[in-house]
Amino acid sequence: MPTRFANIMPRAKQPNKKRAAKKRTKKKARRPRAAARKKRQPELAAWLTQSGPYFGFGLLIAAIVLVLDQITKYAVLYGLDLATRGKIYVTPFADFVLAMNRGISYGLFPQDGELGRWLLFAIKIAASVLFFFWLRRAAAPVVAAALGLLIGGALGNALDRALQGAVVDFVSLHAFGFRWYVFNLADAAIVAGVVGLLYDALRPNALKSPPKGGI
């Protein structure tokens, strides 16, 4: 009898050994992944620390512009209901008028169809990415603020194309019989951003080369 139990017990424990071996292999497989994650965290921290001194300031400006732009458009579409009311008098030189813009800023170069819609969307996203990397190297607050305005404005209009199919414009300026293009907050931010970059470029003491560190 003891001999039989001695032969049976090791066999009964064999499945447990296989399970333990599988667990060990799983743990070994997880270790490289955990190590890779730990390596990525210092790389991300280093990437952020290599940014210019006004990188965070520019991102804050971009976030504020994007949020305010979407809030005003939501209010126009669902709060003021301009689609039904047609026009709202604001001042002797400004009205609120709903215009679904299928072109670029200020209604230029309208594009009909899905291809044009997503092409302009891709252009806005690509421009935002380029401005983002430029912002990382900005060494002056004026440049950082201007790039933040450009990023926020481009993302705001791009988001409109993705959600609404067109950009929501609603501000109409007019004076002495002349009417300007209907625009929105994102368009105004883009224009202000371009003006800021031109101002910095034309300054006598403007920094002509970006700081070292690369993209």
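The values are calculated or read from the model by the stated rules, or taken from the named source; none is laboratory data. The model shown is predicted, which means the values in this text are computed figures rather than measured ones. No Cβ is skipped: glycine too gets one built from the backbone with ideal geometry, and neighbour counts run over all protein chains shown.
For the reader, a short list of remarks on this structure follows.
- Residue within region 126-140 that is among the β-branched types (Val, Ile, Thr) and either crowded, with 17+ Cβ neighbours inside 10 Å or under 14 Å from Leu66 (Cβ atoms) (or both) present: no
- Meets criteria (at pLDDT 95 or above, assigned to a helix (DSSP H, G or I), within 19 Å of Val191 (Cα to Cα) and not small (Gly, Ala, Ser)) for Ile123: no
- Filter result for Asp200 (in contact with a strand residue (DSSP E or B) (Cβ under 9 Å, 6 or more places away or on another chain) and not in a loop (DSSP other than H, G, I, E, B)): no
- Residue count for region 171-195, restricted to those that are under 18 Å from Val67 (Cα atoms) and assigned to a loop (DSSP other than H, G, I, E, B): 1
- When residues in region 164-176 are screened for being at pLDDT 90 or above and either over 17 Å from Val97 (Cα atoms) or aromatic (Phe, Trp, Tyr) (or both), 1 of them pass.
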